[in-house]
1. Give me D for the chain in µm² s⁻¹, whole number, from Stokes-Einstein with Rh from the Kirkwood sum over alpha-carbon pairs, 25 °C and 0.890 mPa s.
2. Residues with amide H under 5 Å of Phe75's amide H, sequence separation 5 or more or different chain, H placed in the peptide plane at 1.01 Å from N; which?
3. Can you sort Thr95, Thr79 from fewest to most other Cβ atoms within 10 Å of each residue's own Cβ?
4. Let me spell out the model: positive unit charges on the Cβ of Lys and Arg, negative unit charges on the Cβ of Asp and Glu, origin at the Cα centre of the chain. What dipole size does that give, in debye rounded to 20?
5. For a label point 7 angstrom out from the Cα of Ala68 toward its Cβ, which stretches of region 27-58 have the backbone nitrogen within less than 18 Å?
6. Check which residues have an amide H placed less than 5 Å from Leu19's amide H, if you skip close sequence neighbours.
7. Once every DSSP H run of n ≥ 4 in the chain is given -39500 (n - 2.57) and the sum is divided by its residues, what mean residue ellipticity at 222 nm do you get, rounded to the nearest 500 deg cm²/dmol?
8. By how many nm would the segment from Met82 to Ser58 grow when fully extended, if each residue of separation counts as 0.36 nm and the alpha-carbon distance is taken off?
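The numbers here are math on the coordinates, done by the rules we state, and not lab data. Keep in mind it's a predicted model, so treat the numbers as computed, not measured. Note: ideal-geometry Cβ built from the backbone for every residue, glycine included; neighbour counts use all protein chains shown.
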Amino acid sequence: MIMEASNGEEALAGMESFLPDLLLTDLNMPVMDAFELIERVHSDIRQEDIPIIVLTSSIVVEVNEKVAMLGANDFTIKTTDMRDDLIPRIRRYIT
């Protein structure tokens with residue numbers, strides 16, 4: 001099952017009743033960005049082992065380092081055709 005959320009706050013609310021096998025999130029979202037979402041997910045013992053992949057348009061090294069430091073498992077740069085990059089990343093965490 002796939003759960004979709006428009007922002008980090010909606011994602012957290014949905015995760016109260018549905019624990020995903022993987023969290024795929026954009027870095028910049030309204031209401032709550034991925035930095036805060038990652039921190040909040042990892043602060044909940046029920047959710048702390050959920051793999052997180054962040055989609056970002058940023059090629060700034062510091063941004064990507066912060067995503068990793070907060071506990072995201074992976075990140076990828078958003079492109080118009082990211083299927084070849086994203087699908088293997090998702091498969092790496094979902095067996």
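1. The calculation lands on 181 µm²/s.
2. Those lying under 5 Å, H to H, from Phe75 are Val54.
3. Details: Thr95 5, Thr79 12.
So the residues, fewest neighbours to most, are Thr95, Thr79.
4. Dipole about the Cα centre, nearest 20: 280 debye.
5. Flagged as within label range: 27, 35, 38-39, 51-58.
6. Amide H neighbours of Leu19: none.
7. Values: 4 runs with 37 residues, N = 95.
So the calculated ellipticity at 222 nm is -11000 deg cm²/dmol.
8. The span from Met82 to Ser58 would gain 7.2 nm if fully extended.
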